[in-house]
Every structure is written in C-alpha cells, then in structure tokens.
C-alpha cells in the first residue's frame, strides 16, 4: 500500500512539475544557458526546453502551431506580428539591445574599419540573411550607410541565423559580421579586439531591440510567467550585460 501511495505521489508531482518551452533567437544561444541556471536557482524543479533558430523561422513555426510558450526574438518585428495576430498574450517587451561586430579568425588590420571588407584577400564575407535574421537587416543597413554595400555584396555567404553566420565566419568565409554577444562565448575568448574583431559603430544601424512575449498556449502556465518576469530582473540583466548586450 505504501508503495502505491508513493508511486501516486511521484506521478502527481511529475505531472505538475514546471515545464517551459522557449523559442530563442540564435544570438542568445550563449547567454541562455546562464539565464537558465540563474532561474533554476529559485525554480529548481522547472524544466526548460530551448529551441534555437532565426527569429523569422521561429515565428513561422509558431504560426504553424509549434508548441512554444515563450518567444525571445532578435528584434521587435516578429513578436509585434504575433501579438497583432493574437498568438501572443503579452505586449512585446524589450529585454536587450544587440550589437554588431566585424570578426575574423585570422589577424587583420582592423584600423581600416569596414573598408577591410573591400580588400581582395577577403573574398568571402559571412553575413546573416536579412530575410530571416534581424541581425542581417542591421548588417545590411550598416554597410549601406557606410557606402560599401554595392562594392562587396557579391562576396556574401549567407547564414540563416546569426549563429550560422558565426559558423561560416569560422569555416567558409574570411571575415564576417556577427553578433557582438558571441564574442563572450568560451570558444571565442582567445580572439583579441583590434586584432580579430572590432565593434561596428552603432550609429550606422537602427538599434537591435530584442523582444520577448508570452505565447497564447502558455496562458495558464505560471512557470512561463515566472521566467518572463525573471527576464526583467536585475539578475537577468546582469547576465545579458556580461554577454555584451545593452539592457533597458
């Protein structure tokens, strides 16, 4: 009898254990692990499933019924669309502001700034696809405002997300425009500023306001609301700042 009662209690606790399914823009792929760990300090029984991808693709999946409950986008366009369409139950909120960096795995003369992209040795330039990735939109805007887009566009190697763009920068391309936040990952810490990368002036592109929304299917999920509130806390903001983001 005791075993039956214990089994019933375990089944009940498992049934009501907190679960969250989050769709996360690829640029947050490094920070999200620290965010999860910090959240689990106060919610140790909450299981968090993260799906990474480009904001455009994740939005398409949500519209097609993907079982996500929270969406952390790389810009405000996609969560605004979901809110307008009734697929999100909270008004989009800015949780971070992203930045662009010019990066090469090999040492280059970064004192030349974006003009470095015009050099013959940089035959392939990795850049995020503006049709699917907000960081791609910002990169195109920066290059256009720097008056070099038309000169170098034929060199582009497109990544569907900013994380794929980083992968291409490290493998198939000579140089790339990446999210500054990725430079804080452990695998990139060996690279040096002004030798392997520089910030792209923020004056060249519209601020990358990254938005978060609770999705319709999470209406009754208190754990999702708890994570949403956590993302607005000082502890979450500190983690995001440590990964190179600006925070509201």
Using a Debye calculation, one point per C-alpha and no hydration shell, please list log10 I(q)/I(0) for the chain at q = 0.08, 0.09 Å⁻¹ in order.
-0.34, -0.43
What FRET efficiency would be calculated for the residue pair residue 118, residue 57, taking the C-beta separation as r and a Förster radius of 45 Å, to the nearest 0.05?
0.90
Region 184-248: translational diffusion in µm²/s, Stokes-Einstein, Kirkwood Rh over Cα pairs, 4 °C, 1.567 mPa s
87
Fraction of the pair-distance distribution of region 99-204 above 24 Å, Cα-Cα pairs, percent
10
Counting only helical runs of four or more DSSP H residues, what would the 222 nm mean residue ellipticity of the chain come to if each run contributes -39,500 (n - 2.57) and the total is spread over all its residues?
-10000 deg cm²/dmol
Taking 7 Å along the Cα-to-C-beta vector as the label spot, tell me the residue 194-residue 19 distance in nanometres, rounded to one decimal.
5.2
For residue 187 and residue 64 in one chain, what is 0.36 nm times their gap in residues minus the Cα-Cα distance, to one decimal in nm?
40.8 nm
For region 33-80, what does the convex hull of the Cα positions come to per residue, in cubic angstrom?
90
Average Cα contact separation per residue, the chain, under 8 Å, 6 or more apart, as relative contact order %:
29
Most fluctuating of 111, 73, 54 in the GNM of the chain (C-alpha, under 10 Å) is 111
Just 172, 25, 88 to compare: in a GNM of the chain, with alpha carbon springs under 10 Å, which one fluctuates most?
172
Rank 121, 36, 57 by mean-square fluctuation in a GNM of the chain with C-alpha springs under 10 angstrom and give only the top-ranked residue.
121
In whole Å, what is the distance between the alpha-carbon centres of region 65-89 and region 174-241?
17
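Every number here is computed from the coordinates shown, using simple stated rules; none is lab data. Since the model is a prediction, treat every value here as computed from it, not as a measurement. Virtual Cβ from ideal backbone geometry, glycine too; neighbours counted across all protein chains shown.
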